[in-house]
């Protein structure tokens, strides 16, 4: 088994102890630096040690071919801490080092390079001769010539840069596959990763790719450029679980309860109680997400059991499900569940208070009712818009005072029928709002309209859909448990 050390690179890897001679170097390298007027910036810290920094590409261009002249002025805070750890813990001394450089030359034109703040200047490709000299000093010339590998993340023209998470992940995966093909690395090796330098996208991509491809035995060597004594090696299993907890939070934000369940089952928790609690809450959430509200309430027990006996309860859960689906950008289901909540509650209201008037699929009235078409009838449908007309007859609806339920009964019904026969009409969230006669792209107004319709029918006085939903509380409980775990 070999020990392989993977190192990402960034602006913090090479620094200057002073800026002597910079004017001469700038004069010589001005054309390569696109006459941007770079100058070393003071990077002093709390320890009163004065260091100077330059963008990585600038550092490499300026000092890369003058290493012997300026070597004593260069310092390597992060790398010094890492290498000191290997001297202290000799069993982890690397048999091979892979240095990950960056080069975005293909995606930045001359105009972009003419701006000193362009990401082009953050690339580390030109640091290669400086870094090779450094590792030669630390590990010897033979090692540097035979066991030191440089790998370059190089986006192609027309692609996204190294601040894009997906694009960077694709590049890192390809590089790691190439390392395996070149036999620089294998799954039997102990792989130590230092990923602190570089963009956040590179850091995350390297962490994730190494853990997925090489397993939990990957270790992470981390340090502080301000305090190299804090350098330490972290086990990959701990890192893996840290990433998993972050993923849990992301999935919870998206209300992806089935995805969360898969992750929770993989994590080794400190205590059985925590995992059991999480799995119980996720069991409830998965019942609810599958619209199995009765199973959800039964499994929840306690106050939920009494709440679920209320004839109106499931309608509020449907409304909250619509809110969640809208957040997930599933506009078809957001429309379906929001409409179903009110229409379903009308049906339950009819069964609860006017069951004696039902004759099969009809509702018998004591006197004639004039339909919007002008036709008169003594029988209304016990489904669809007929339920709203029954509400008008038995309860009364004022177009001005009860505008939300009036709009539902007189306008939303018609739009719903049209939309569900032509689902391409629900391409975005605004189309859901318009179907509910909300024309200013306001989610809050939409939620208020749905809530007011439900409250009008049930005669409850809930202030929000979230307050009325038991699942909303389960979601909060999940947030609290995950927050507690993350703070351990």
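The values are calculated or read from the model by the stated rules, or taken from the named source; none is laboratory data. All figures in this text were calculated on a predicted structure; none of them were measured in a lab. When we count neighbours, we look across all protein chains shown, and the Cβ atoms used for this are built from the backbone with ideal geometry, even at glycine.
For this structure, a couple of remarks:
- Residue 466 modelled with pLDDT of 95 or more, under 24 Å from residue 347 (Cα atoms) and assigned to a loop (DSSP other than H, G, I, E, B): no
- If you check 338, 347, 367 for being assigned by TED's automatic domain parsing to the domain that holds residue 309 and free of Cβ contacts under 8 Å to residues at least 24 places away in the same chain, only one passes: 367.
- Test: residue in the range 175-186 that is surrounded by 14 or more Cβ atoms within 10 Å (Cβ to Cβ), in the same structural domain as residue 131 (by TED's automatic domain parsing), at pLDDT below 90 and within 25 Å of residue 263 (Cβ to Cβ): no
- Of the residues making up the range 176-203, just one is touching a residue at least 40 places away in the same chain (Cβ under 8 Å) and out of contact with any strand residue (DSSP E or B) (no Cβ under 9 Å at 6 or more places or on another chain), namely 188.
- Selection from the range 332-365 of residues that are out of contact with any helix residue (DSSP H, G or I) (no Cβ under 9 Å at 6 or more places or on another chain) and either assigned to a helix (DSSP H, G or I) or buried (at least 23 other Cβ atoms within 10 Å of the Cβ) (or both): 351, 352, 355, 356
- Filter result for residue 19 (part of a loop (DSSP other than H, G, I, E, B), touching a strand residue (DSSP E or B) at 6+ places or on another chain (Cβ under 9 Å), surrounded by 22 or more Cβ atoms within 10 Å (Cβ to Cβ) and in the same structural domain as residue 162 (by TED's automatic domain parsing)): no
- Residue ID - surrounded by the fewest Cβ atoms within 10 Å (Cβ to Cβ), chosen from residues in the range 142-159 that are free of Cβ contacts under 8 Å to residues at least 40 places away in the same chain and closer than 22 Å to residue 126 by Cβ: 145
- Residue that is under 36 Å from the mean Cα position of the chain (by Cα) and surrounded by fewer than 16 Cβ atoms within 10 Å (Cβ to Cβ), where the choices are 39, 44: 44
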